[in-house]
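Reviewing the structure listed below.
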């Protein structure tokens, strides 16, 4: 739109949210960083206390806050109710590729949040992306704690650079509401074992890769490509480039 706006970013101190905040502020917008750890807007979204003040005068909300501990749908209901009452014109939500087909509780919660936002009566945009590079590193770091071996799920992955996702979200935030926009994935779809080898090489570690199968329905959904989006390999930064920069 080309004009400065007041934009609220939930989860603004998180891995993705803090980069979204940085990019929007660099573009001249007034950004309110909302999270329990925020210095200016320390709000617990689970209760909604303080949201009214944070949203006063805001035009856009970028909803990055999420947790695997449960409660995301309730948080979304608090958020959209407060946004509607405050006259917010646009809610942008970051979701995950495969939330509608991969049978994980966290994914079902993300899909439920999408529905809450779409039915809120406020203009909305939803972007689904594949997993971030740093999450894949965290996964392998945890699995590598097993001595001598690295268990690797027999699935394909398509990790994406978080700064590229943040840039896409920032662009969507200042545009008009667009509903569900095209998914966004990393530049490469490869077996998880390939990424595991790259991780081990970058960290100078040696492990015997041991493939394992995930539970039936989950494995079936991932084997069918539920967690990847090859037709939207929009990301540029590779996993190896992330590892090199993350030393």
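None of the figures in this text is laboratory data; all of them are computed from the coordinates on show. It should be emphasised that the depicted structure is a prediction, and the values quoted were computed from it without experimental measurement. Glycine also receives a Cβ, built like all others from the backbone with ideal geometry; neighbour counts cover every protein chain displayed.
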For the stretch 122-247, list log₁₀ I(q)/I(0) at each q in 0.20 Å⁻¹, using the Debye formula over Cα point scatterers of equal strength and ignoring solvent, two decimals each. -1.13
Expected sort for 139-148, 43-52 on mean C-beta neighbours within 10 Å, highest first, is 43-52, 139-148
Likely footprinting exposure, 41, 124, fewest C-beta neighbours within 10 Å first: 41, 124
PRE zone check, label point 7 Å out along Cα-to-Cβ of residue 81, amide N under 11 Å, scope the stretch 123-145, hits none
Using only the alpha carbons of the stretch 6-245, determine the length spanned along each of the three principal axes and report them from longest to shortest in whole angstroms. 56, 36, 32
Cα shape, the stretch 1-100, gyration tensor, a/c 1.5 rule: rounded
At a 10 Å Cβ-Cβ cut-off, how would you order 116, 21, 75, 210, fewest neighbours first? 210, 116, 75, 21
Run the simple label-point estimate for residue 108 and residue 154 please: 7 Å along Cα→C-beta, distance reported in nm. 2.6
Which ordering of 236, 110 is given by a fewest-first count of other beta-carbon atoms within 10 Å? 236, 110
The chain: relative contact order as a whole-number percent, Cα under 8 Å and 6+ apart: 19
Ellipticity estimate at 222 nm from DSSP helix runs (n ≥ 4, -39,500 (n - 2.57)) divided over the chain, nearest 500: -11500 deg cm²/dmol
Please work out the C-alpha center-to-center distance from the stretch 141-180 to the stretch 59-89 and express it in whole Å. 22
Counting only DSSP beta bridges with both partners in the chain, the antiparallel fraction in percent, to the nearest 5, comes to 5
Could you check the spin-label model distance between residue 176 and residue 36? Points 7 Å from the Cα along Cα→Cβ, value in nm. 4.0
Estimated inter-spin distance, residue 219 and residue 47, nm [label 7 Å along Cα→Cβ]: 4.5
